[in-house]
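Step one of this worksheet: look at the structure below.
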């Protein structure tokens, strides 16, 4: 049966990554976090001491980079020029730089090509901020996952705490608000709800409830991915 392309968009800390991973696991699909690709690029720009105020410099530095996804068990690792950068992708500095360079057309064009090569044949759950509107506008199923800002701030703060990263709740929430503004107002591929996207507010929901809602929508479209039955085997 046909393997679907499933797009999940939404703002920071709305639960996209956890939901997308869980959905992909239930369906037996590949999981692709587009944000991690931007974070990988951001990490590399930090190492290169790129001038983040000069879009042309960042765009020039990113073009020759080799970015790969490698599966290690059930974990997808991101490698840049033969270096595993996965452990660095959620550092606050990487998050801030990612928000800046994601607005540069040359960076987006580079990563757009990579994403389409990875997910174009289907059997994939892709999450980000412009997946259903730009990367895969013809995706079989589209979701827009959202949550109240204070809830998202607390989620990200707890994520930092769990990883031993020094963070402050108020600062973390403010940075999320700033990222929301940048994503929504950037000239290239701004964050927005697609007209044909299924909107899910994760504020009052547990992760499994979000995944169940998504599975119901996928099944309505006749997914032959195996899904729940495959998981029980």
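Kindly indicate which of 37, 61 is closer than 19 Å to residue 145 by Cβ and assigned to a helix (DSSP H, G or I). Even if it seems obvious, please write down each step before you answer.
Numbers: 61 fails: closer than 19 Å to residue 145 by Cβ.
Just one listed residue meets the conditions, 37.
Among the residues of region 1-34, write down those that are part of a loop (DSSP other than H, G, I, E, B) and under 23 Å from residue 152 (Cα atoms).
Restricting attention to region 1-34, the residues satisfying the condition of being part of a loop (DSSP other than H, G, I, E, B) are 1-4, 10-15, 28-29.
Within region 1-34, 10, 11, 12, 13, 14, 15 qualify.
Output yes when any residue across region 62-70 is under 26 Å from residue 138 (Cβ atoms) and without any contact (Cβ under 8 Å) to a residue 24 or more places away in the chain, and no when none is.
Of the residues in region 62-70, the ones under 26 Å from residue 138 (Cβ atoms) are 67-69.
Subsequent filtering for residues that are without any contact (Cβ under 8 Å) to a residue 24 or more places away in the chain retains 68.
Yes, because at least one residue in region 62-70 is under 26 Å from residue 138 (Cβ atoms) and without any contact (Cβ under 8 Å) to a residue 24 or more places away in the chain.
Return a yes/no flag: does region 139-149 have any residue that is out of contact with any helix residue (DSSP H, G or I) (no Cβ under 9 Å at 6 or more places or on another chain), at pLDDT below 95 and within 17 Å of residue 17 (Cα to Cα).
Looking through region 139-149, none of the residues is out of contact with any helix residue (DSSP H, G or I) (no Cβ under 9 Å at 6 or more places or on another chain), at pLDDT below 95 and within 17 Å of residue 17 (Cα to Cα).
Name the residues in region 161-178 that are within 18 Å of the chain's Cα centre (by Cα) and under 16 Å from residue 91 (Cβ atoms), would you?
Taking region 161-178 and keeping what is within 18 Å of the chain's Cα centre (by Cα), we get 175-178.
175, 176 - these are the residues of region 161-178 that are within 18 Å of the chain's Cα centre (by Cα) and under 16 Å from residue 91 (Cβ atoms).
Does residue 200 count as at pLDDT 85 or above, surrounded by 14 or more Cβ atoms within 10 Å (Cβ to Cβ) and part of a strand (DSSP E or B)?
Numbers: at pLDDT 85 or above: yes; surrounded by 14 or more Cβ atoms within 10 Å (Cβ to Cβ): yes; part of a strand (DSSP E or B): yes.
For residue 200, the condition - at pLDDT 85 or above, surrounded by 14 or more Cβ atoms within 10 Å (Cβ to Cβ) and part of a strand (DSSP E or B) - is met.
For region 77-136, how many residues meet the condition of being buried (at least 21 other Cβ atoms within 10 Å of the Cβ) and in a strand (DSSP E or B)?
Selection size over region 77-136: 6.
Which condition number does residue 46 fail, the rest of (1) surrounded by 20 or more Cβ atoms within 10 Å (Cβ to Cβ); (2) over 16 Å from the mean Cα position of the chain (by Cα) being met?
The number of the failed condition is (1).
The values are calculated or read from the model by the stated rules, or taken from the named source; none is laboratory data. Fair warning: this is a prediction, and the values are worked out from it, not measured in the lab. With ideal geometry, Cβ positions are generated from the backbone for all residues, glycine too; neighbour counts draw on all protein chains shown.
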